[in-house]
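Contents: one structure, followed by commentary.
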Amino acid sequence: MATVTQTPVTTLRRPVEKPTGLWSWFTTVDHKRIGLLYGVSAICFFIIGGIEALIMRLQLMRPNGTVVSAETFNSLFTMHGTTMIFLVVMPLSVAFFNYIVPLQIGARDVAFPRLNAFSYWVFILGGLILNSSWLLGQAPAMGWFAYAPLTEKAFNLDHSVDFWIIGIQILGIATIAGGLNFFVTIINLRAPGMSLMRMPIFCWMTLITNVLMLLAFPVLTVALFELMFDRYFATKFFEPAAGGDPLLWQHLFWVFGHPEVYILILPAMGIVSEVIPVFSRKPLFGYPAMVLAAAAIAFLAAGVWAHHMFTTGIGPIASSFFALSTMLIAVPTGVKVFNWIATLYGGSIDPKPPLLFAVGFVAMFIIGGLSGVMHASPPVDTQHQDTYFVVAHFHYVLFGGSMFGLFAGLHYWFPKFTGRMLNDALGKWTFWLMLIGFNVTFFPMHFVGVDGMPRRIYTYPEGMGWDFWNFVETIGSWILAFSVLIFLINAYRSWRFGEVAGNDPWDGATLEWSIPGPPPSFNFAQIPRVTARDAFWVEKRATQAAAEVGLAPKAQTAVAVVDDPAALGIHMPNPSYYPLITACGVALILGGFLLSPYMLFGFLPIVSVIGIVVILAGIYGWSYEPVS
Ligand code: HAS
Ligand code: CU
C-alpha cells in the first residue's frame, strides 16, 4: 500500500525567473532560504565564539598567563557563552526547523512566512548589536547568567551590561515569534493523514522545543526589563541596599535558564533520532516512548531551576525538592538513550559521517548527563559549584551533545540543502578529530575541577597541580578548531564541486527525501497523502514489493520539472521587505538605549523614537501589502 501517491507532473516547461541576487535574500519569505540564512549566520557566530574560546585557552595554557588582561578575559567568557548559546546552538537548531520541518510534514512553507523572515532579521540584528560591543570596547564582562547586583549601575557604569540586556531582549523577540510560528505550523500544516503520532520524530522534538521556548523566554523578557529599569529608570528590583533582591534575578534567570538547556538539546536529540534509524536500516525503536520521554523532560525542566542555586542558602526543603526533581530527569533521558541503542542493535549499520556524529552524540551526552546527576546532589554540588567540573559537564552536554547532534544534521541534510554530497573521507576526518579534540579539551576539566580549580579565573599560580591538564586542554582546543576548519573546507568544496546527490542518497524514511535537493520553491508539486509513520520508506517498500510480484510500480512522488508555482496553480507568498523594515524598527527602539546621551524629555532616546516610526511604517506596509 503506497502512502505518498501522487501523479507525475512532467508537462510544464514555462521558463521562470528564479529570485536571484543579493536583494532576493533580503526579501525572501521562503522557509528554505530563511533556514540557510539562519544556518550560515550561526556558523559565522560559531567561528567568532570559537576564536574567543581559543584565546581563553591560550591564556590558560600556562600558569600566570599574560595573553589577555583580566578584564578582557571576563568579556571573553561572557561573550563566548552568550554567543554559543543564543547565536550558535539555538539558531543552528532553528535553521533545521526552518529547512526541514515543512518538508517533513509535507507543507509548502511555515504557517506565517513573513513572520518567519521577521524572526530572522530580528535575530541577526540582535546578534550584531551584541557583538558590536567588542568594536566599541564595551563587551559585557559579567558572565552569561549576569548575576545581580554586579549588573547594577553602581558596579558597571559603562554600556557593557546594556549591550547584553538589549541584545538578548532582541534575540528573545525573534525566539518568541519563531516559537509561535513553528507551533502553529506543526499543529496546522501537516499533510493529510499525518496524525501527530505519524509525524517524523524531529518534528516532535521541534514542537516540544518551541513550546519550551514559548514558556521560558517570556520569563527572561520580564527579568531583562526589570534589569533595564534598574539601570535606566532607577528602579531597585535587584539592589539589596534599597530593599531589592539579587536572588530574584537568579530565580527568574534560571526559571528561564534550565528549560533553555533542553531547548538546546532537544533539537539535537530529534536529529539523532532521524539519523540513527536511517543508517541502521531500522525504524526508530520505541517511537511513542521517545515522544513521551521528550514531553516528560520538557515538563520536568520547568521544576528544577534551583539546582543552579543550591549554594545560595535556599534551605533543606527546597534543596531536597530540587535535587529529587533534577535526578528524576535522568529517567526519561535514559529512556531515550536506551531507545537509540536499541535502534542500533541488530541494525545493518552504515557508518557514514551522519551516523558517526549521532553515535558520538549518544556517547558524549551520556558522560555529560551523568556528571549532571552528580551535581544534582546538593552536598556534592557545594563542592562542584563554580569549578571546572561544571564547565566539563556543560561542554559534554552542549558540545558533545548539541553540537555533535547538529553536525550529524549538517552531514545528513547537506545533500538536501545543496543537491551535492559532502565528501565522505573529509567528513570522517572531521568527526574523529572533533571527537579526539573535544575529549582532550574537556575531559581533564573534570580532574582540575574536583581538584578545586574555579571557573572564570583569568590565570592561576604555579604549583596548584593544574598546570599539566591545562596545557593538555589547550592542545585539545586546537585539534577541535582544526576539525571545524576541515568541515568548513569540506562544506565549501562540496557545495561547489561535490558529487551530485539526487533526491534520496541515504534511502531516507521521511518525505523530504521524496523531492529534489534543493527542493523547488513550493516543495511539493502535489501535497502528499500519508498513511503511516516513515511515510517515504513505506512508499518505497510498497513499490518494490509490487514490482517483485509483477504488478505495475506505483507512481513515484511527483517531481515538477520547472520551479514555477504559478504554472502549477500553486500560490506561494510574495517576497516582502516589510519584515526587514519592521525588524529594523525593533532593533532601533531597543538599540536606541545604547545611545543614551541623545534623549528626548530626559528619558526617551531619539533613536528609539525613530524606531517607533520605522516599526509603524513596517507594520502598516506589511498589513496592506497586496496579495497577488
Ligand atoms: Fe546541566 C549546570 C544538572 C542536563 C547545561 N548544565 C549546567 C550548566 C549548563 C548546563 C550550561 O543539578 C551551567 C550553567 C552555568 O553557567 O552555571 N544537567 C543536570 C542534569 C541533567 C543536565 C541532572 N545540562 C543538561 C543539558 C544541558 C545542560 C542537557 C545543555 C544542553 N546542570 C545540572 C546541575 C547544574 C548544571 C545541577 C548546576 C551545577 C552548578 O553547581 O553550577 C540531566 O538532564 C542529564 C540526564 C542524562 C543522563 C544520561 C543518560 C541517562 C542514562 C540513564 C541512567 C542514568 C542514571 C543516573 C539512572 C543522566 C544512561 C545515574 C547517576 C549517576 C551519578 C551515575
Ligand atoms: Cu539546570
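In the chain, which helices (entire DSSP H runs) extend 30 Å or more along their own long axis, judged by Cα positions, while averaging at least 1.0 on the Kyte-Doolittle scale?
Working: long enough: 31-60 (42 Å, 1.23); 113-135 (33 Å, 0.88); 160-188 (42 Å, 1.56); 201-232 (45 Å, 1.57); 246-280 (51 Å, 1.18); 353-374 (32 Å, 1.96); 424-450 (40 Å, 1.04); 467-497 (45 Å, 0.80).
Qualifying helices: 31-60, 160-188, 201-232, 246-280, 353-374, 424-450.
Counting Lys and Arg as +1 and Asp and Glu as -1, what is the net charge of the other residues whose Cβ lies under 13 Å from the Cβ of Val29?
Numbers: positive: Lys32, Arg33, Arg108, Arg114; negative: Asp30, Asp109, Glu625.
The answer is +1.
Relative contact order, percent, of the chain when contacts are C-alpha pairs under 8 Å separated by at least 6 residues?
Details: 1069 pairs, mean separation 134.8, N = 628.
The value is 21 percent.
Please report, to two decimal places, log10 I(q)/I(0) for the stretch 498-556 at q = 0.12, 0.13, 0.26 Å⁻¹ as given by the Debye formula with identical point scatterers on the Cα atoms and no solvent.
-0.33, -0.38, -1.16
Using alpha carbons only, how many angstrom separate the centre of the stretch 586-605 from the centre of the stretch 424-453?
That distance is 45 Å.
In percent, what relative contact order does the stretch 221-345 have, based on Cα pairs under 8 Å that are 6 or more apart in sequence? Kindly include the intermediate steps, with their values, before the conclusion.
On the way: 106 pairs, mean separation 31.9, N = 125.
Once divided by the residue count of the stretch 221-345, the mean separation gives 26 percent.
Based on C-alpha coordinates, I'd like the Rg and Dmax of the chain, in Å.
For the chain, the Cα radius of gyration and maximum Cα-Cα distance read 24.9, 85 Å.
What would the Debye equation give as log₁₀ I(q)/I(0) for the stretch 344-422 at q = 0.13, 0.14, 0.26 Å⁻¹, counting only Cα atoms as equal point scatterers?
-0.52, -0.57, -1.10
In whole angstrom, how far apart do the alpha carbon centroids of the stretch 110-143 and the stretch 318-338 sit?
34 Å
Pairs of lysine in the chain with Cα under 18 Å and at least 8 positions apart or on different chains: total?
9
Please state the relative contact order of the stretch 328-476 as a whole percent: Cα pairs under 8 Å, 6+ residues apart? List each step's numbers first, then the result.
Working: 139 pairs, mean separation 42.9, N = 149.
Worked out over the stretch 328-476, it gives 29 percent.
Provide, for q = 0.10, 0.20 Å⁻¹, the log10 of I(q)/I(0) from a solvent-free Debye sum over equal Cα point scatterers in the stretch 15-172.
Taken in order of the listed q values, log10 I(q)/I(0) reads -0.45, -1.20.
If you stretched the chain out fully between Arg62 and Met464, how much longer would it get, using 0.36 nm times the residue separation minus the C-alpha to C-alpha distance?
Values: separation 402, 0.36 × 402 = 144.72 nm, distance 1.17 nm.
That pair, Arg62 and Met464, stretches by 143.6 nm at full extension.
On alpha-carbon atoms, Rg over Rh for the stretch 80-186 using Kirkwood Rh? Write out the running numbers ahead of the final one.
Values: Rg = 16.2 Å, Rh = 15.0 Å.
We get a ratio of 1.08 for the stretch 80-186.
So, how do all the Cα-to-Cα distances of the stretch 231-368 break down into 10 Å bins, in percent, from 0 on up?
11, 33, 25, 16, 10, 4, 1
Under a Cβ-Cβ cut-off of 15 Å, what is the net charge of the residues other than Phe310 that fall near it, where Lys and Arg count +1 and Asp and Glu count -1? Intermediate values should be presented prior to the final figure.
Working: positive: none; negative: Asp381, Asp386.
Around Phe310, the charge tally is -2.
Do me a favour and compute the ellipsoid semi-axes for the stretch 470-628 from its Cα gyration tensor, root of five times each eigenvalue, largest one first, whole Å. Mind dumping the intermediate values first?
On the way: eigenvalues 443, 194, 38 Å².
Value: 47, 31, 14 Å, ordered largest first.
For Phe603 and Leu128, what is the calculated FRET efficiency with R₀ set at 30 Å and r taken between the beta-carbons, to the nearest 0.05?
After rounding, the FRET efficiency stands at 0.70.
Helix-only estimate, please: 222 nm mean residue ellipticity of the chain, summing -39500 (n - 2.57) across DSSP H runs of length 4 or more and dividing by its residues, to the nearest 500. Can you show the working numbers first?
Details: 20 runs with 386 residues, N = 628.
-21000 deg cm²/dmol, from helical runs alone.
Taking a point 7 angstrom from the Cα of Phe321 along the C-beta vector, which residues in the stretch 283-305 have backbone N less than 12 Å away?
Inside the label zone: 303-305.
I need the Kirkwood Rh of the stretch 43-129: take the reciprocal of the average 1/r across all distinct C-alpha pairs and report it in angstrom.
Working: mean 1/r = 0.0662 Å⁻¹.
After inverting the pairwise mean of 1/r, the radius is 15.1 Å.
For Met290, what charge total do you get from the other residues with a beta carbon under 12 Å from its beta carbon, if Lys and Arg give +1 and Asp and Glu give -1?
Working: positive: Lys336, Arg533; negative: Glu274.
Net local charge, Met290 excluded: +1.
For Thr387, which sequence-distant residues (separation of 5 or more, or a different chain) have an amide H within less than 5 Å of its own amide H, given hydrogens modelled in the peptide plane?
The answer is Arg455.
Would you please calculate the Kirkwood hydrodynamic radius of the stretch 140-233 over all C-alpha pairs and express it in Å, rounded to one decimal?
Details: mean 1/r = 0.0652 Å⁻¹.
The Cα-based Kirkwood calculation yields 15.3 Å.
Only four residue types carry charge here, +1 at the Cβ of Lys and Arg and -1 at the Cβ of Asp and Glu. Report the dipole size of the stretch 230-311 about the Cα centre in Debye, rounded to the nearest 20.
Its charge dipole is roughly 320 debye.
If you find the alpha carbon centre of the stretch 42-63 and of the stretch 242-290, how far apart are they in angstrom?
The stretch 42-63 and the stretch 242-290 have Cα centres spaced 25 Å from each other.
With the Cα gyration tensor of the stretch 122-163 in hand, convert its eigenvalues to equivalent ellipsoid semi-axes via √(5λ) and list them largest first in whole Å.
Details: eigenvalues 76, 27, 12 Å².
In descending order, the three semi-axes are 19, 12, 8 Å.
Computed from the coordinates by the stated procedures, all read-outs in this text should not be read as laboratory data. In this text the structure is predicted, and so the values were computed from the model without any measurement. A quick note on method: Cβ atoms are made from the backbone with ideal geometry, for glycine too, and the neighbour counts reach across all protein chains shown.
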